[in-house]
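Report on the following structure.
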Amino acid sequence: MFLALKELRHSKTRFLMIAIIFVLISWLVFILSGLGNGLSTLAASTFKTMKADYVVFEQGSKASMSKSLLSNDLSAKLAKMPNVSAVSPMGTIMASAIKGSSKLNEDKVDIAIIGIDPGSFLEPAIIEGSGLTSDQVTKVIVNETMKDEGFKLGDTFQLDGSTESLTIVGFVKNQTYNHVAAVFTPMEEWRKLAFAAPGSDKGVKDPVNAIMLQGKDIDRSTINKQLSGTDTVTRAAAVQGMPGYKEENGTIMMMLAFLLAISAFIIGVFFYVFTMQKSNQFGIMKAIGAKNGFLGKAVVSQVFVLSLSSIIVGILLTYGTAAIMPKGMPFMLDTKLVFTYSIVLLVISLLSSLVSVRTISKIDPLKALGRVE
């Protein structure tokens, strides 16, 4: 470590150039992870935060709410299944809320209407106002982001293309679906909105999109066998089944993977070139008794100090960037993700330094001293 720090102080400009490049790479990695986390949260926070363990869909729906249609009569049967502690139906539709009495397009706000049973485990915690009630089906609770669109507690809004009006009685936090604010309404009202067109319910009694289950170690295959036409999946699988979710996350992860691979290549090439430039110095040191292990540790220590410092600066820049980002930007830093990617970047840089270590081990002291042609 002493030799590594001494050379870092001696060749400040050279190592500063590498540090700047690595800071930019780590900064970009953390920014992309924040954007990816923000987008995935915006797309599926309602599913991710709900207190459900399993989801029952219609068979063949590929765990997609929009493709599934079941009868709520299945809820009573599911409640009797082994290890099932609670059951609650759910439905979703996309809509547009019209602020006040205006019909102008610029006053429409995209929302996702989530049908649930009032008081069930699917109803999110209220941060302002009151919860849903079964006797007032036109009362809704909405995500707090609708405040940014001018909605407030007690406001009544109409749905575009419908005569139905809904009144906000409460606000909830971190509840979005398909990148828009979630609006929770009693199941009875949701059915009116979702199946307003005659025959759209396909003759299904008390239709719902899916039925959520609570319970540990539920045998999904047993449920699917005993209840024909159903497909039971985990909540995580239901999140993956949301339209575009898997593709969106896959794109971000591919970008991160390429960025990490590029960073490994850049760090490896830089230190390999430096090692080749100093081959005579390493040869002389080996000639006076320095072991390969000692020289290898010096190179790895340099990479460790340089990478760790760069990653810390990158983290500080990322949190600084997050503080000045627009409020509507889907950016969410997760401490666990930041720590994970920091470790990954550090490990990648240390592994890339092994190329230089291998080069050092092959240096012949006699050649370095000019005694052998």
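Points worth noting:
- Degrees between helix 292-324 axis and first principal axis of the chain (Cα, 0 to 90, nearest 10): 40
- Normalised by 2.2 N^0.38 Å, where N counts its residues, the alpha-carbon radius of gyration of segment 105-166 equals 1.15.
- Sequence-distant contacts, meaning Cα pairs under 8 Å at least 6 residues apart, place the relative contact order of the chain at 28 percent.
- Using a probe of 1.4 Å, the accessible surface attributed to L333 totals some 40 Å² when neighbouring protein chains are kept in position.
- Trypsin sites (Lys or Arg not before Pro) restricted to segment 158-199 and DSSP loop, no more than 16 other C-beta within 10 Å: K173
- FRET efficiency, E149 to S85 (Cβ-Cβ, R0 41 Å, nearest 0.05): 0.65
- Temperature 4 °C, viscosity 1.567 mPa s: under these conditions the Stokes-Einstein estimate for the chain, based on its Kirkwood radius over C-alpha pairs, is 53 µm² per second.
- Surface accessible to a 1.4 Å probe, S64 within the full protein complex, Å²: 10
- Relative contact order of segment 54-217: 36 percent, from C-alpha pairs under 8 Å at least 6 residues apart in sequence.
- Computed over neighbours whose Cβ is under 15 Å from that of G129, the net charge equals 0, Lys and Arg +1, Asp and Glu -1.
- At a probe radius of 1.4 angstrom, the accessible area of the chain per residue rounds to 50 square angstrom.
- Cα-based radius of gyration for segment 214-362, normalised by 2.2 N^0.38 Å, reads 1.63.
- Take each peptide in 66-72, 179-185, 212-218, count the other Cβ atoms within 10 Å of every residue, and average; sorted highest first, the result is 179-185, 66-72, 212-218.
- With all protein chains modelled, accessible area of Y177 [1.4 Å, Å²]: 10
- Highest-first arrangement of 248-261, 142-155, 36-49, where packing means the average Cβ count within 10 Å: 36-49, 142-155, 248-261
- Over segment 128-212: Rg over Rh, Cα atoms, Kirkwood Rh: 0.98
- Helix axis angle, 335-361 relative to the chain longest principal axis, alpha carbon, degrees: 30
- For segment 65-135, the equivalent ellipsoid derived from the alpha-carbon gyration tensor has semi-axes of 31, 17, 9 Å in decreasing order.
- Dmax and Rg, reported as Rg then Dmax, of segment 231-276 (C-alpha, Å): 18.5, 61
- Per-selection Kirkwood Rh - segment 54-217 (Cα, Å, 1 d.p.): 16.4
- If both residues of a DSSP beta bridge must be in the chain, then about 75% of such bridges are antiparallel.
- For segment 177-184, putting each phi into the Karplus relation 6.51 cos²θ - 1.76 cosθ + 1.60 with θ = phi - 60° gives couplings of 9, 6, 6, 10, 5, 8, 10, 8 Hz, in residue order, rounded to whole numbers and with x for Gly and Pro.
The values are calculated or read from the model by the stated rules, or taken from the named source; none is laboratory data. All figures in this text were calculated on a predicted structure; none of them were measured in a lab. Please note: Cβ atoms are built from the backbone with ideal geometry, for glycine as well, and neighbour counts cover all protein chains shown. Just the protein is used for accessible areas: all its heavy atoms, side chains included, with ligands, DNA and RNA removed. Shrake-Rupley method; radii C 1.70, N 1.55, O 1.52, S 1.80 Å.
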